[in-house]
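**Student:** For reference, the structure I am asking about is given below.
The values are calculated or read from the model by the stated rules, or taken from the named source; none is laboratory data. The structure presented is a predicted model; accordingly, all values stated were derived computationally and were not measured. Counting neighbours? That spans all protein chains shown, and the Cβs are built from the backbone with ideal geometry, glycine included. Accessible surface is based on the protein model in full, side chains and every heavy atom, while ligands, DNA and RNA are left aside. Shrake-Rupley method; radii C 1.70, N 1.55, O 1.52, S 1.80 Å.
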Amino acid sequence: MNVLKDVMSELFSMFVADARLTAAMLAVVAVAALIIDATNLPSLYGGIFLLVGSIATLFISVRREAARRRLSRSL
């Protein structure tokens, strides 16, 4: 039971550690769902948006973290 508690704690901390990344990914998923549900476009377009949006969000998050670490190291 202790191992399960530790695993759940780690999973929770992964998603809460970077609130901006979590919020951005939720926004990407919501927009992709809107593209699929609210338009007459094929669901492929929603999937493409989800893929591109997820990669872009991750890229922006990694660049922001690298800049933050570079700045803290130079001080």
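**Student:** Mind checking whether some residue in region 23-37 is in contact (Cβ under 8 Å) with a residue 24 or more places away in the chain and among the charged types (D, E, K, R)? Spell out the reasoning first.
**Tutor:** Quick first cut of region 23-37, residues in contact (Cβ under 8 Å) with a residue 24 or more places away in the chain only: 24-25, 28.
With among the charged types (D, E, K, R) added as a condition, the list becomes none.
No: zero hits.
**Student:** Continuing with the same structure: Being open to solvent by 50 Å² or more (accessible area, probe 1.4 Å) and small (Gly, Ala, Ser) is the filter here, so list the residues in region 31-49 that pass it.
**Tutor:** Taking region 31-49 and keeping what is open to solvent by 50 Å² or more (accessible area, probe 1.4 Å), we get 31, 34, 36-45, 48-49.
Once the filter is applied, which keeps residues that are open to solvent by 50 Å² or more (accessible area, probe 1.4 Å) and small (Gly, Ala, Ser), region 31-49 yields ALA38, SER43.
**Student:** Moving on to the next point. In region 1-30, which residues are within 14 Å of LEU58 (Cβ to Cβ) and open to solvent by less than 70 Å² (accessible area, probe 1.4 Å)?
**Tutor:** Within region 1-30, ASP18, LEU21, THR22, ALA23, ALA24, MET25, ALA27, VAL28 meet the criteria.
**Student:** Do we find that SER74 is among the hydroxyl-bearing types (Ser, Thr, Tyr) and open to solvent by 60 Å² or more (accessible area, probe 1.4 Å) in this structure?
**Tutor:** Values: among the hydroxyl-bearing types (Ser, Thr, Tyr): yes; open to solvent by 60 Å² or more (accessible area, probe 1.4 Å): yes.
Answer is yes for this residue.
**Student:** Still on this model: Looking only at region 1-40, which residues are charged (D, E, K, R) and not in a helix (DSSP H, G or I)?
**Tutor:** ASP18
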